[in-house]
Amino acid sequence: MISLGEESGSSTESSESEESDDECVDERMNVKAKPKKKKTHYKHKFNSDWLSDKDLQKWIWKDEKDSTRFMCLVCNLSYIGGKTHALRHSKNKFHVKNFEAKQHTTDLANLCSSNVEFKKSVMLQKSVENAELKLSGFIAEHNLPFRVMEHLPGLLKNVFPDSVIAGKITCGRDKTRNIIVKKLAPDADQALSEKLQKCKFSILLDESTDKSVVKSMAVVARFWCPQLKRVCDRLLGLVEVPSATAQIMKGEVDKLLSVRNIPKENCIGFGWDNASVNMGEVTGLKALVKIDNPYVIVVGCVCHSLALCASNASKEIPLEFDEFVRDVYNYIQHSPKRIAPYAEFQGITDTKNHRLLKVCDVHWLSLESVVMRILEQRRALKVNFYEEFKAINSASAEKVLKMMENVYTKLYLQFLGFILPQVNKLNI
């Protein structure tokens, strides 16, 4: 009984404590349930003073749809915020990149307002470029050194001070070389290839004869140009050949035509010198060409043929005459002490003050000018060698003097002076 009473008492106490706890929870719940106060957000409206701020005036503008936003004219976007947000946006990488790009872009309004000035500037620039192209073409056409262009633009500015185009030409030797190599040459090669793809042509070949390590072969195309209405010769290529054999030269020509997309069937003629490697009927270049096209016309060098004819004909002239022509030059022009007295004799005999010329075995056309010069200087030469022989009794001077006094020498000189111009005219 006592235990039950205790239990009942304890249960009563526990129920009272539970009731008190529930009341506390309810009180706490009531406290939490109270609504919090909302923070007041202030919206920054666009301030017209920003348009005069040096950090913002170049790109900021008012958003016409919302007065609480500002417009970025560079990024073409609308942003919300005040001046702090605007300054923060001006340091954004995307904005900085767009701003720098706009600095180098012409405004459309300014472009339209200055349309006439813009067209004039474009036309002036094209005129300057055209002038530089023509000057570069002039250098290439006349085979002038590129160093000339270091001084020519300055000369043009000095000669034509009132010319705006001449004042804006800035074409040095490096720029001239690039224009010729990268602009004019590819266009000229392309135009030549297009012409040869449509018309018949002949090919002229010649190899270098110098002592350089690399041998070169010039390939020239000869064709009828309907625009110019005449036969034209154009350099098709300058190729390196390891050895001047018929097989290698034939292969290089075929390769050159293949690269240019020029049909070999359009080639109707070949021309080269009369060397055996070229004109051989079995293994020569002529025989190899005939395999591809049996009807192609092969012509040897006419200049070589004329030179051989003239050389064989000249064998009928005595050898003493050939020695006489060479001795006249060697005796005077090889000695500075004899040139000055000879000039005095030219004045005494009223002869033109011209120097004597030398016969060159390689240049076939040189004999004509040598003979004509001796005929012109004959009186002065005769007096000069007579005085030389009289003063020092020179055997060389005596030999030349006897030939000068020989009547047949004058006849040979006059005959050669008549026939050589005709041969050389045909040769040229």
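What the table below lists for this structure:
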quantity	calculated
The chain: C-alpha gyration tensor shape, a/c 1.5 cut-off, then a/b vs b/c	prolate
Probe 1.4 Å, protein heavy atoms only - accessible area per residue of region 341-397 in square angstrom	62
Rounded to the nearest 10 Å², the accessible area of LEU306 at probe 1.4 Å	40
21 Å Cα-Cα threshold exceeded, pairs from LYS337/LYS358; LYS337/LYS410; LYS229/LYS286; LYS315/LYS358	LYS337/LYS410; LYS229/LYS286
Protein accessible area in the chain, 1.4 Å probe - carbon and sulfur %	57
Relative packing of peptides 82-90, 179-187 - highest average C-beta neighbours within 10 Å first	82-90, 179-187
Accessible surface of VAL148 - all protein chains present, 1.4 Å probe, nearest 10 Å²	50
Neighbourhood charge, 12 Å Cβ-Cβ cut-off, centred on LYS83 and excluding it, Lys, Arg +1 and Asp, Glu -1	-1
Net charge, LYS337 excluded, C-beta distance under 15 Å - Lys, Arg +1, Asp, Glu -1	-2
For VAL241, residues with placed amide H under 5 Å, excluding near neighbours	LYS215, SER216, MET217
Members of LYS134/LYS157; LYS43/LYS102; LYS45/LYS93 lying beyond 27 Å, as alpha-carbon distances in this model show	LYS43/LYS102
Helix axis angle, 378-392 relative to the chain longest principal axis, alpha carbon, degrees	70
FRET E, pair HIS151, ASP49, Förster distance 60 Å, beta-carbon r, rounded to 0.05	0.50
Candidate residues GLU316, GLU252, GLU194, GLU265: accessible-area rank, largest first, probe 1.4 Å	GLU316, GLU265, GLU194, GLU252
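The values are calculated or read from the model by the stated rules, or taken from the named source; none is laboratory data. Note that this is a predicted model, so its numbers are computed, not measured. Using ideal geometry, Cβ is built from the backbone for each residue, glycine included, and neighbour counts are taken over all protein chains shown. Heads up: the accessible areas ignore ligands, DNA and RNA and are worked out on the full protein's heavy atoms, side chains in. Shrake-Rupley method; radii C 1.70, N 1.55, O 1.52, S 1.80 Å.
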